[in-house]
Amino acid sequence: MLAIVAGPAGAQRVPSMGDGAIEDFLRHVIRPPSYANVRLSPSGRYLLMVEKPRYDGGDDTILVYDLDAEGGAVGRRVSVGNRRVDWVEWANDDRFLIAISARNVRVGLRRVRGRVQVVASQSRVLTIDRDSLQRVSVLFDGEGENFWNRNRSPITDFLPDDPDHILMPSYERRNYNLYRVNIETGAAERIERGDDATVAWFSANGEAVMRVDRTRRGEHLRFHARTGRNGRWRRVNTVRTLDLFDARANFEWAGPSDQPGEIYVRARPNGTEFYGIYRYDLAEDVFLEPVAVRDDYDIDYALIDDDTGAYYGYSYADARRHFVFADPVFAAGYADIRSQFPDDVIVEPVSVGASRMVIYTSGATQPGIYYMHDAASGVIDELVAVNSELVADSLQPMQAITYTARDGTEIPAFLTEPGTGSTSTTPLIVMPHGGPEARDGQGFDPVVQYLAALGYTVFQPNYRGSSGYGRAYAEAGYRQWGRLMQDDISDGVASLVDSGRADPDRVCIVGFSYGGYAALIGAALTPELYRCAFAGAPVADVEAFLEFKEDAGDEVHDYWVELLGHPRRDRDFLRETSPVRLADRIQRPVYLLHGDADQVVPVEQSRAMAEALETAGADFVYEEVPNLTHQWGQGRDFIITMRNLASFLDDAMDGRIDSFDPNADDGE
């Protein structure tokens, strides 16, 4: 066995935030991974990873291993003090890069030239000599205080033919430029100029070939490429990224190509049904032959060597994630690895160096384990578990199910039952995903596991409008908010009740973002189904939401008009399924949660909903969280949100709020 790390030394059990084992479970289930960024050097001899503190107050540590050292693997530690390690990567076998940033720097918002921008902690990138763990260079050092790099800015190109340099983006004042950086000295030379809208650079064969700019609100990306014979930058596509609910783009970078003047893209061109991987000719601005396209599911991403442009395969998901490899020898080797793990575990290749490969396994009952596979010996050794406090016995499997909607369509979904199983007396949590053009997948979900530990069955339908199942399935949800999409959710509840897997008198709907909208509209249109509803950061007034999107630019607004309807021509149509206009029909208790720093769904949506519920005399609680953006929360805020959700469900599952108060106790 390859002994790398058995777990942090001297770990102590941290007291729970409240009474009972469930509070300990909550602390464990939502904690960040203990290990991250496990990377092999190009030769496969050296291994790099980041060890994270188990709880607040510890320091990040970088672990460096010589896997071929005499007598077995030898590891050394590199401390960065009171700094956070954002990422690590090998520059070559002799030097590695780390990005560090200050801890405890709150992410806030600022207004620059009329635009609201996220202000994050600054991050510096260092290179360190692997042998001595000395000879540290700070990239961009000496270039002045106007140069800095955010932690979302990794390396664009490692330039395998030029081992002393890398291509790397960085901010100069507000402009996001691309630089050629010497990893020995840190000196940087600007080779491409961006601006304050630029968010990414891509290269092929050591040259910048694509620049990505974001529209003001971030829902769309503009792709610029060096096209034509003169090599000038030209906008080649504008696509929706749907930062709103984490959906996928229609056209996106997949990787460099091994053919000059070409790149790989993930796209759905010319009305094709499923996303595939295509070659794209930059000079002619055209799609070439498809590299991989399926006839059943969208391909999610390609597996491509960033240095050579070699295409290895792709990944897609049905009930679980799969990896398909182009090379028959590699495919056979992966199949052998895959056979050594349970079917419900995802086995993902994450780093390859010569004959060695690091794989990451995860699943509903496994938060994540890194393994090392050696092709020469065929041996698979466990490296580290990302969350050793959680064991499979304390987690519940996620079942892939289907049910029949009222029009006969088969709808895929996932069901997670408590340890006691699901019966006709088991309370049910209906948890529609955000998006709506996104999807739930089989994997570790801390919210789902926490609710299951509380004794609830959790139902996650991939209703029509979800992504991953092709164009027709996704577009079936257009103009169907509160209509067909909601019917799919309701039909799933009915199916579970009819099959004796849920108590019809104890069903609550819980959702965030679009899922929050689904919770509100479900409570308004089908009050007989639900005893309570939790809506986090929901769209409550569809008409006002579309008006909000008008400020984001024509391309963004046009997409939302296509998805929802026109704010003026379809006003009556939109109002029919706007929860804020149906508050008088909500007969069940509602818990509204929204962050006042949300730039995706503005907090005014929940404020208007709370006012409408107040006017209607509804039973509700509204919590507005300072500085929270479009998310459940992080760290302590996430724990408090989960504890409040648990208290609300416990109190309101009988159809009324008796004692729930989110501000009654902060848990400290």
Original post:
For the chain, what's the relative contact order in percent, using C-alpha pairs closer than 8 Å and at least 6 residues apart?
Top reply: 8 percent
Original post:
Based on the Kirkwood radius over alpha-carbon pairs, what value in µm²/s does the Stokes-Einstein equation return for the translational diffusion coefficient of segment 245-353 at 37 °C and 0.692 mPa s?
Top reply: 220 µm²/s
Original post:
Percent of accessible area on the chain owned by carbon and sulfur, 1.4 Å probe?
Top reply: 44 percent
**OP:** Please state, to two decimals, what the Cα-based radius of gyration of segment 382-461 comes to when divided by 2.2 N^0.38 Å (N = residues).
**Re:** 1.23
**OP:** May I ask you to order 617-623, 417-423 by the average number of other C-beta atoms within 10 Å around their residues, highest value first?
**Re:** 617-623, 417-423
**OP:** Quote the Stokes-Einstein diffusion coefficient, in whole µm² s⁻¹, for segment 298-418, based on the Kirkwood radius over alpha carbon pairs, a temperature of 25 °C and a viscosity of 0.890 mPa s.
**Re:** 150 µm²/s
**OP:** Could you grab the Rg to Rh ratio for segment 568-645? Cα atoms only, Kirkwood for Rh.
**Re:** 1.03
**OP:** First obtain the Kirkwood hydrodynamic radius of the chain from its Cα pairs, then insert it into the Stokes-Einstein equation at 10 °C and 1.306 mPa s, and state the resulting D in µm² per second as a whole number.
**Re:** 60 µm²/s
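At 1.4 Å probe size, with every protein chain present, just tell me what the per residue accessible area of the chain comes to in Å².
41 Å²
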Original post:
Binning every alpha carbon pair distance of segment 381-527 at 10 Å from zero, what are the percents per bin?
Top reply: 11, 42, 32, 12, 3, 0
Subject >> Burial ranking of peptide ranges 323-330, 303-310 (average Cβ count within 10 Å, highest at the top) >> reply: 303-310, 323-330
Original post:
Based on DSSP H runs of at least 4 residues, each adding -39500 (n - 2.57), what is the mean residue ellipticity at 222 nm of the chain after dividing by all its residues, to the nearest 500 deg cm²/dmol?
Top reply: -5000 deg cm²/dmol
Original post:
Out of the DSSP beta bridges found with both residues in the chain, what percent are antiparallel (nearest 5)?
Top reply: 85 percent
Subject >> Measure of compaction for segment 499-622 (Cα Rg per 2.2 N^0.38 Å) >> reply: 1.08
Original post:
Just the Cα atoms of segment 481-539, one point each, no solvent: what log10 I(q)/I(0) does Debye give at q = 0.12, 0.18, 0.20 Å⁻¹?
Top reply: -0.25, -0.56, -0.68
Original post:
Where Lys and Arg each count +1 and Asp and Glu each count -1, what net charge lies around PHE573 among other residues with Cβ under 13 Å from its Cβ?
Top reply: +3
Original post:
If you add up the charges near ASP258, with Lys and Arg at +1 and Asp and Glu at -1, over every other residue whose beta carbon is less than 12 angstrom from its beta carbon, what do you get?
Top reply: -3
Original post:
Taking the highest mean first, how do the peptides 430-436, 629-635, 468-474 order by number of other beta carbon atoms within 10 angstrom per residue?
Top reply: 430-436, 468-474, 629-635
Original post:
How big is segment 605-656 by the Kirkwood estimate over distinct Cα pairs, in Å?
Top reply: 12.6 Å
Original post:
Which GluC sites (Glu not before Pro) in segment 39-90 pass both tests, a DSSP loop state and at most 11 other beta-carbon atoms within 10 Å?
Top reply: GLU70
Original post:
For segment 579-668, with the dipole built from +1 on Lys and Arg beta-carbon atoms and -1 on Asp and Glu ones, taken about the Cα centre, which of GLN587, SER659, PHE638 lies farthest toward the positive end?
Top reply: GLN587
Original post:
Which of the helices in the chain meet the span-like rule: DSSP H, Cα axial reach of 30 Å or more, Kyte-Doolittle mean at least 1.6?
Top reply: none
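The values are calculated or read from the model by the stated rules, or taken from the named source; none is laboratory data. Since the structure is predicted, the reported quantities are computational estimates derived from the model, not experimental observations. Cβ coordinates were reconstructed from backbone atoms using ideal geometry, including for glycine residues, and neighbour counts include every protein chain displayed. In case anyone asks, the SASA skips ligands and DNA or RNA and just uses the protein heavy atoms, side chains included. Shrake-Rupley method; radii C 1.70, N 1.55, O 1.52, S 1.80 Å.
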